[in-house]
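Inspection log for the structure reproduced underneath, given as structure tokens.
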Amino acid sequence: MAYPVDSRQLRPRRVWYVVAVLIAVLFTAVGVGAFALGVVSAVKSIPDFTRTAQSGEIDLQPGVYGIFVPEGSSTSCSYGDGITATTPGGTFTFTRDGSSWTWASTITVEKAGTYSIKCDAGRYALGGKPELGMFAGSVAGGIAALAGLPCLGITIGGIIALVVGLRRSSHKKRLQAYRY
């Protein structure tokens, strides 16, 4: 006959079940937080415009700029002397202040001056060069954290709970066997 055992005598203590749940909850919360951080980082990698302009002459300081045209417009632009232009390898479209813009090209200006920029779209925006690697990395990292960390936390918590349950059961059987 099995004798009842006071649960306070069993080892490991029940507090380990709480630890297992807290680990699962903590990892889930960190995963959600990391996803939010990834989204915020991705949004910050979208360039701000320094200005919008009509085709024609524009004053520029030395640097690298992204040229953006309204979405659906031709991305063809021509540049005057002193501007080195490269066409992006892919398409990057985003919304800024209620308007959708497409990355048309990246220009490099070596010295300050007035330069000619003419885009078939007529209107264009000048801003920083998009950091597509940072954008993709932030989104992918956020999604990986959202999927991976909760799974890891639940797995670790589950293993802790399983081991605690098995050891408590074994300890209970030993205590019952020693009672005559």
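Using helices alone, what [θ] at 222 nm do you get for the chain, with -39,500 (n - 2.57) per DSSP H run of 4 or more residues, divided over all residues and rounded to the nearest 500?
Values: 2 runs with 76 residues, N = 180.
Per the formula, -15500 deg cm²/dmol.
Express in whole angstrom the spacing between the alpha-carbon centres of the range 114-180 and the range 38-107.
Cα centroid of the range 114-180 versus Cα centroid of the range 38-107: 33 Å apart.
Could you state the angle between the C-alpha long axis of helix 15-44 and the longest principal axis of the C-alpha atoms of the chain, as a value from 0 to 90 degrees rounded to the nearest 10?
It works out to around 0 degrees.
What do you get for the angle between helix 132-177 and the principal long axis of the chain? Use alpha-carbon atoms, 0 to 90 degrees, nearest ten.
So the inclination is approximately 0 degrees.
GNM on the chain, C-alpha springs below 10 Å: top fluctuator among Gly113, Gly148, Gly157?
Checking each option, the largest mean-square fluctuation is seen for Gly113.
If you take every residue apart from Lys111 with its C-beta less than 15 Å away from the C-beta of Lys111, what net charge results, scoring Lys and Arg +1 and Asp and Glu -1?
-3
Pop out the ³J(HN,Hα) list for the range 5-11 in order, Karplus 6.51 cos²θ - 1.76 cosθ + 1.60 with θ = phi - 60°, rounded to Hz; leave Gly and Pro as x.
10, 5, 4, 6, 7, 6, 10
Leu162 versus Ser78, label points 7 Å from Cα toward the beta carbon: distance in nm?
7.0 nm
If I build a Gaussian network model for the chain, linking alpha-carbon pairs within less than 10 angstrom, which residue out of Asp97, Asp120, Asp81 has the largest mean-square fluctuation?
Asp97
Placing +1 at every Lys and Arg Cβ and -1 at every Asp and Glu Cβ, with all other atoms neutral, what dipole size does the chain have around its Cα centre, in debye to the nearest 20? Walk me through the numbers before you get to the answer.
Working: 17 positive and 10 negative charges, 474 e Å.
Rounded to the nearest 20 debye, it is 2280 debye.
With label points built 7 Å along Cα→Cβ from the Cα atoms of Ser100 and Ile143, find their separation and express it in nm.
My value for the distance between the label points is 2.0 nm.
Quick one, can you get me the convex hull of the C-alpha atoms of the range 47-130 expressed as volume per residue in Å³? Numbers along the way, then the final one.
Details: hull volume 6.6 nm³, N = 84.
Roughly 79 Å³ of hull volume per residue.
Would you look at the GNM of the chain, springs on alpha carbons closer than 10 Å, and say which of Ala53, Ala140, Ala36 moves the most?
Comparing Ala53, Ala140, Ala36 in the GNM, the peak value goes to Ala53.
None of the figures in this text is laboratory data; all of them are computed from the coordinates on show. Since this is a predicted model, take the numbers as computed values, not measurements. Because the Cβ atoms are built from the backbone with ideal geometry, glycine has one as well, and the counts that use them run over all protein chains shown.
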